[in-house]
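Derivation of every value follows stated rules applied to the coordinates shown; laboratory data play no part. This is a predicted model, so every value here is computed, not measured. So basically every Cβ, Gly included, is an ideal-geometry build from the backbone, and we count neighbours across all protein chains shown.
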Amino acid sequence: MTDVQTPPAEAPHIDVRTLPHAQRHMQIFGTLGSLTPGGTLLITSDHEPRPLHYQLETAFPGKFLWEYLEQGPEVWRVEITRLDAGCDCCCGSH
């Protein structure tokens, strides 16, 4: 009998260029809270997302891995991977 492996689900992607500024971090953190360990979120931005990275590291130290896939000057792409088994945020994902 041969095991058939299904491909992993496509990672969620948020293109912040298409969102109103006030909704960006709320949507990103909501999506991060719904990720299972090992799950990833892809973010595309038209500016350096360093403030988001600092906010993530301050609020959830060691719980996410941040990797740049593209670093400007016009487009930044980041892959964020959830490392832990739960989060301490208010999203209700524990």
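For Tyr68, Tyr54, what ranking results if the residue with the fewest other Cβ atoms within 10 Å of its Cβ goes first?
Numbers: Tyr68 13, Tyr54 10.
Starting with the residue having the fewest Cβ neighbours, the order is Tyr54, Tyr68.
Per 0.36 nm of contour for each residue apart, how much would the distance between His21 and Val75 grow if the chain were fully extended, relative to their Cα-Cα spacing? Don't jump to the answer; show the numbers that get you there.
Working: separation 54, 0.36 × 54 = 19.44 nm, distance 1.65 nm.
So the extension gain works out to 17.8 nm.
When the convex hull of the C-alpha atoms of region 13-82 is computed, what volume per residue in Å³ does it have? Walk me through the intermediate numbers first.
Details: hull volume 5.4 nm³, N = 70.
Expressed per residue, the convex hull around the Cα atoms of region 13-82 is 77 Å³.
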